[in-house]
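Below is one structure; the comments refer to it alone.
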Amino acid sequence: MSSIHIEANVGEIAETVLLPGDPLRAKYAAEQFLENVVCYNQVRNILGYTGYYKGKRVSIQGSGMGMGSTAIYVNELINTYKVKNIIRVGTCGAIQKDLKLGQVLLVLSASGDSGANIAFFNGMHYAATADFDLLLKAYEIGKIKGINTIQGSVFSTDTFYDDIPNRWDIWQQQGILGVEMESQILFTLAKRLGAKALSILTVSDNILTGEAATAQDREQSYMDMMEIAFSLA
Ligand code: HPA
């Protein structure tokens, strides 16, 4: 048996799945970090791999960009493949001035404008929250490995492009660290469907200042983020 957007047989996906937006990042990370790697999905080029990290079985699956695409993979991973832990690995645009490019964030909660969240809760506001066990473990792994993490909240949006003036001011004042496009629906669906979820993000740009991370910033913070995420397997 397989699902609509994933062609793996049940059993070919590990209990813990890392979820980058970019399918090619899934491919490169599988090649870079894992042993005995098998590619289990090529449907729509949204690649998925299972392998071993330091002897532990783990999968890495592209989600595509945005909450619509992410919701499809999260549903199928949990419902069909009985995945227990989903860890998003991605980037966000900072909306706090003092947040450095390349900083690794462990996401506590995600506010947002997900249409699905509005539909699920009759217009009321569910507080989309990371799983505490995964969060604590990620925090402790960061400490042990000497990787500086900041714990805080993000905003997940359906609209990368918009023409709303000063759109992020209220969220900056509310203490939101950055903006991305997946965590809110990941947290909501994982809780709804009985799995644990976490998002680990690196700051790729600053929406307020227009600064963008250099290739060097990106590489180091990417390695730090992936090391924490794979160590959660
Ligand atoms: N907006 C939304 N998502 C993002 C951004 C952004 O500026 N940067 C990285 N992910």
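Of all the residues in the stretch 25-80, those that are within 14 Å of N9 (Cα to Cα) and touching an Asp or Glu at 6+ places or on another chain (Cβ under 8 Å) number 6. Within the stretch 137-179, the set of residues being farther than 25 Å from I86 by Cβ and among the β-branched types (V, I, T) comprises I164, I170.
This table checks each residue for (1) of a type in the set (D, E); (2) within 16 Å of the ligand (Cβ to nearest atom).
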| site | (1), (2) |
| --- | --- |
| Q96 | no, yes |
| L101 | no, yes |
| F121 | no, no |
| Y126 | no, no |
| K137 | no, no |
| G146 | no, no |
| D158 | yes, yes |
| D169 | yes, yes |
| S183 | no, yes |
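Just name the residue that is farthest from the ligand (Cβ to nearest atom) out of those in the stretch 57-77 that are open to solvent by 10 Å² or more (accessible area, probe 1.4 Å) and over 14 Å from D22 (Cα atoms). Looking at the filtered set, the residue picked out is R57.
Among the conditions (1) more than 16 Å from A229 (Cβ to Cβ); (2) buried (at least 18 other Cβ atoms within 10 Å of the Cβ), the only one that R44 does not satisfy is (2). Just to be sure, is T214 touching a helix residue (DSSP H, G or I) at 6+ places or on another chain (Cβ under 8 Å), within 16 Å of the ligand (Cβ to nearest atom), more than 26 Å from N79 (Cβ to Cβ) and of a type in the set (V, I, T)? Against the criterion (touching a helix residue (DSSP H, G or I) at 6+ places or on another chain (Cβ under 8 Å), within 16 Å of the ligand (Cβ to nearest atom), more than 26 Å from N79 (Cβ to Cβ) and of a type in the set (V, I, T)), T214 does not qualify.
Within the stretch 122-138, the set of residues being part of a loop (DSSP other than H, G, I, E, B), open to solvent by less than 70 Å² (accessible area, probe 1.4 Å) and touching a residue at least 24 places away in the same chain (Cβ under 8 Å) comprises A130, D131.
Residues in the stretch 188-200 that are surrounded by 24 or more Cβ atoms within 10 Å (Cβ to Cβ) and either within 16 Å of the ligand (Cβ to nearest atom) or among the charged types (D, E, K, R) (or both): S199, I200.
The values are calculated or read from the model by the stated rules, or taken from the named source; none is laboratory data. Just so it is clear, the structure is predicted and the values come from calculations on it, not from any experiment. Using ideal geometry, Cβ is built from the backbone for each residue, glycine included, and neighbour counts are taken over all protein chains shown. Areas reflect the complete protein model, heavy atoms only, side chains present, ligands, DNA and RNA absent. Shrake-Rupley method; radii C 1.70, N 1.55, O 1.52, S 1.80 Å.
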